[in-house]
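**Student:** Mind having a look at this structure? Questions to follow.
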Amino acid sequence: MLRLVVRRLLQLIPTLLGLSVLLFLWLNRLPGGPASAILGERATPTEVARINRALGLDQPVWVQYGRFLKRIFQLDLGTSTKTGQPVWDEFALRFPATVELSVLAMLIAVVVGIPLGYLAAKRRGGWLDVASVSGSLVGICVPVFFLALILKGVFAVNLGLFPSYGRLTTGLNATDVTGFAVLDGILTGEFDATLDALHHLALPAITLASIPLAVIVRMTRASVLEVLGEDYVRTAESKGLEKNTVRVRHVLRNALLPVVTAIGLLTGSLLSGAVLTESVFAFGGIGSFIKDAIDARDYPVLVGFIMFIAMVYVVINLLVDLAYSLIDPRVRVN
């Protein structure tokens with residue numbers, strides 16, 4: 001297991017280096033250069049020269065790239081041109097909201113999607129199979145922002161069952177420890193804050209879970225159908241093994257490998273920022289922050305975000321590989 005982890009980590013180094021080269025080239029190929037892109041309409045020759053000196057853009061290219069790479073290894077993502085705050089501090093402030101939303105959305109997708117996909121495959125052609133396939137098709141086709149507006153309009157505005165915006169009720173006296181509203185309420189014993197945070201998370205999480213849920217249902221169904229036709233499953237059934245043993249050890253366990261891959265990729269995409277969902281519900285996560293950075297042409301934030309999300313994907317891919325080795329021990333020797 002340790003050798004697998006070390007080997008995967010070593011393989012990720014060239015990936016991050018390649019991404020850093022692409023980012024550096026992108027910055028240096030911006031129209032008018034990074035200084036003009038940052039200054040926008042205020043880009044006078046004097047101001048451009050001042051920004052170039054401040055950013056070290058008047059140095060040779062290899063010197064610029066060396067400094068750029070050094071800052072990345074030091075986790076120095078620069079300073080936001082819009083807020084004037086370090087990019088890392090801005091991410092640390094907003095990323096917990098996105099993590100909470102993404103984790104709950106993925107939890108809904110996995111807890112509902114895998115059993116539903118399995119049952120649909122076991123009852124192929126039945127009403128549950130038809131309903132799950134049709135429902136997953138709708139979940140994939142309906143745009144997230146449209147579903148968010150429907151849920152918000154019906155359950156928040158018209159029925160008043162859920163809050164329509166924010167992470168916590170305005171005026172609620174909740175202690176901030178980690179930035180994770182649900183976890184902070186548990187750690188401090190303020191369970192009313194935990195319930196309030198979950199109440200605010202409900203609609204955004206259901207909205208965000210729609211596409212992952214649809215993908216997981218369809219992939220689980222297809223994978224289980226393939227495994228059910230394998231010889232070792234028929235052999236296990238003919239030997240008289242208990243149904244639960246056959247379902248868990250022989251069918252579901254072997255069918256989970258492609259599903260785990262999909263879960264890893266979907267989790268990475270959710271953590272990269274649910275821009276539309278966070279915007280509709282004014283959730284204040286990293287997605288809406290990146291949207292504002294794009295509008296403001298805040299390039300230090302965008303560069304830092306791309307590198308940050310790359311590192312997130314690196315960690316997720318490592319976890320997927322570890323999950324592979326747990327589900328199928330044969331992977332450990334590859």
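**Student:** Could you please tell me which pairs satisfy a Cβ distance under 8 Å, a separation of 6+ or placement on different chains, a first residue in the range 318-334 that is open to solvent by 30 Å² or more (accessible area, probe 1.4 Å), and a second residue that is modelled with pLDDT of 60 or more and among the hydroxyl-bearing types (S, T, Y)?
**Tutor:** Within 8 Å, the pairs are R332/S325.
**Student:** From the set of residues in the range 162-175 that are more than 23 Å from the chain's Cα centre (by Cα) and either of a type in the set (G, A, S) or under 16 Å from R94 (Cβ atoms) (or both), which is most open to solvent (accessible area, probe 1.4 Å)?
**Tutor:** Out of the qualifying residues, it is G171.
**Student:** Check F191, F145 and return the single one that is surrounded by fewer than 19 Cβ atoms within 10 Å (Cβ to Cβ), closer than 26 Å to V280 by Cα and among the aromatic types (F, W, Y).
**Tutor:** Just a single option satisfies the conditions, and that option is F145.
**Student:** Return only the number of the condition from (1) closer than 30 Å to L198 by Cβ; (2) open to solvent by 70 Å² or more (accessible area, probe 1.4 Å); (3) β-branched (V, I, T) that T79 does not satisfy.
**Tutor:** (1)
**Student:** Which is over 20 Å from the mean Cα position of the chain (by Cα) and crowded, with 16+ Cβ neighbours inside 10 Å, of V224, V248, V215, V259? Walk me through it before giving the result.
**Tutor:** Details: V248 fails: crowded, with 16+ Cβ neighbours inside 10 Å; V215 fails: over 20 Å from the mean Cα position of the chain (by Cα); V259 fails: over 20 Å from the mean Cα position of the chain (by Cα).
Step by step, each of V224, V248, V215, V259 is checked, and only V224 is over 20 Å from the mean Cα position of the chain (by Cα) and crowded, with 16+ Cβ neighbours inside 10 Å.
**Student:** For the range 118-142, which positions are assigned to a loop (DSSP other than H, G, I, E, B) and touching a residue at least 60 places away in the same chain (Cβ under 8 Å)?
**Tutor:** Looking only at the range 118-142, we keep the residues that are assigned to a loop (DSSP other than H, G, I, E, B), and these are 123-126, 142.
Once the filter is applied, which keeps residues that are assigned to a loop (DSSP other than H, G, I, E, B) and touching a residue at least 60 places away in the same chain (Cβ under 8 Å), the range 118-142 yields R124, V142.
Listed here are the residues, each with its yes/no results for (1) outside any helix (DSSP H, G or I); (2) basic (K, R).
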| residue | (1), (2) |
| --- | --- |
| T235 | no, no |
| G240 | yes, no |
| R247 | no, yes |
| H250 | no, no |
| N254 | no, no |
| A293 | no, no |
| V303 | no, no |
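**Student:** Could I ask something else about it? Going through T81, T98 one at a time, which residue ends up being within 26 Å of the chain's Cα centre (by Cα), among the hydroxyl-bearing types (S, T, Y) and outside any helix (DSSP H, G or I)? Full working, then the answer.
**Tutor:** Details: T98 fails: outside any helix (DSSP H, G or I).
One residue alone meets the criteria, T81.
**Student:** Output the residue which, of all residues in the range 263-290 that are more than 13 Å from the chain's Cα centre (by Cα) and open to solvent by 40 Å² or more (accessible area, probe 1.4 Å), is farthest from K82 (Cα to Cα).
**Tutor:** Out of the qualifying residues, it is L276.
**Student:** Across the range 291-316, which residue is surrounded by the most Cβ atoms within 10 Å (Cβ to Cβ) among those that are over 19 Å from I13 (Cβ atoms) and of a type in the set (V, I, T)?
**Tutor:** Step one: of the range 291-316, the residues over 19 Å from I13 (Cβ atoms) are 291-305.
This time we only want the ones that are of a type in the set (V, I, T), so: 294, 301, 303.
Working: I294: 14, V301: 27, V303: 22.
Restricting to residues being over 19 Å from I13 (Cβ atoms) and of a type in the set (V, I, T), the top hit is V301.
**Student:** Same structure, new question: Scan the range 152-169 residue by residue and report those that are aliphatic (A, V, I, L, M) and either free of Cβ contacts under 8 Å to residues at least 12 places away in the same chain or more than 18 Å from L198 (Cα to Cα) (or both).
**Tutor:** V154, V157, L159, L161
The values are calculated or read from the model by the stated rules, or taken from the named source; none is laboratory data. This one's a predicted model, so the numbers in the text were calculated from it and none came from an experiment. Don't worry about glycine lacking a Cβ; one is built from the backbone with ideal geometry, like all the others, and counts go over all protein chains shown. SASA here: full protein model, heavy atoms, side chains in, ligands and nucleic acids out. Shrake-Rupley method; radii C 1.70, N 1.55, O 1.52, S 1.80 Å.
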